[in-house]
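To start, the structure itself, in structure tokens.
The values are calculated or read from the model by the stated rules, or taken from the named source; none is laboratory data. Owing to the predicted nature of the structure, the values given are computational and were not obtained by experimental measurement. Cβ coordinates were reconstructed from backbone atoms using ideal geometry, including for glycine residues, and neighbour counts include every protein chain displayed.
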Amino acid sequence: MTTANYRRIVLKLSGEALSGEDGYGIEPSIIQSVARQVKDIAELGVEVAIVVGGGNIWRGKVGSEMGMDRANADYMGMLATVMNSLALQDSMENQGIPTRVQTSIEMRQVAEPYIRRKAIRHLEKKRVVIFAAGTGNPYFSTDTTAALRAAEVEADVILMAKNNVDGVYTSDPKVDKYATKYDQLSYMEILNEGLGVMDSTASSLCMDNNIPLLVFSISEEGNIKKAVVGENIGTIIRGNQ
């Protein structure tokens, strides 16, 4: 019988991972694939929390470059994450997975407000919890949200699912044909070498709280389960090595 290496995880999905080749909007086949994969690991007894970005709908950085106030642009990005979270919740509940969306900005008509103890209780009852609206504050990324929520709910690992790369490389493998993939790294190496896996705030938060991070590709169905059961995929990042 297959057993999981982790009791509780935070799955970090970029908004772009839900958009497919178009790079915008939500691709139904991809969001359904994510739902099936989450069901597979939930059936192993893994407690699953999810943080999803909103870059397939809106990026605060783009708005800022257009001349918008940065805070307003970021709040729009938070709302985009709520749209993705509700779509993901619907897809997972169609798979029979009990799911709750909790938002950092209150919108009680569509989701629960984020309450740490309630989130942990949902996880203990084997409900998938989707954390939406980032941290509720501008200037913070959803990578930082994933690190913060992982620390708060005492997750064993953050699984960072990418749609265009299967791990961390010395440089962009789409540009540099000599780029090589790392099997493992430390957070200090990530920060010192500027590898851009996640922003420095998120990296520091993970390092300070000793939260491992596994970066892998979501483009192949079944990879989430492979990551959970400990197969050798992606790049694992831990504290100082």
Per the filter on region 18-63, residues in contact with a Gly (Cβ under 8 Å, 6 or more places away or on another chain), touching a residue at least 12 places away in the same chain (Cβ under 8 Å), closer than 20 Å to Asn94 by Cβ and part of a helix (DSSP H, G or I) are Ile30, Gln37, Lys39, Asp40
Among Gly196, Gly136, Gly167, the single one that is at positive phi and in contact with a strand residue (DSSP E or B) (Cβ under 6 Å, 6 or more places away or on another chain) is Gly167
Among helices (runs of 4 or more DSSP H) completely within region 140-241, the ones holding 1 or more residues that are surrounded by fewer than 18 Cβ atoms within 10 Å (Cβ to Cβ) and more than 16 Å from the chain's Cα centre (by Cα) are 187-193, 200-208, 223-229
Discussion item. Just checking, does region 74-87 include any residue being under 17 Å from Val10 (Cβ atoms) and either assigned to a strand (DSSP E or B) or modelled with pLDDT under 95 (or both)?
Written reply: no
request  = Scan region 3-14 and give yes if some residue there is touching a strand residue (DSSP E or B) at 6+ places or on another chain (Cβ under 8 Å), among the charged types (D, E, K, R), surrounded by 20 or more Cβ atoms within 10 Å (Cβ to Cβ) and within 16 Å of Ala133 (Cβ to Cβ), otherwise no.
outcome  = yes
(Q) Checking the structure you have, find out if any residue of region 218-237 is in contact with a helix residue (DSSP H, G or I) (Cβ under 7 Å, 6 or more places away or on another chain) and within 17 Å of Ala147 (Cβ to Cβ). (A) yes
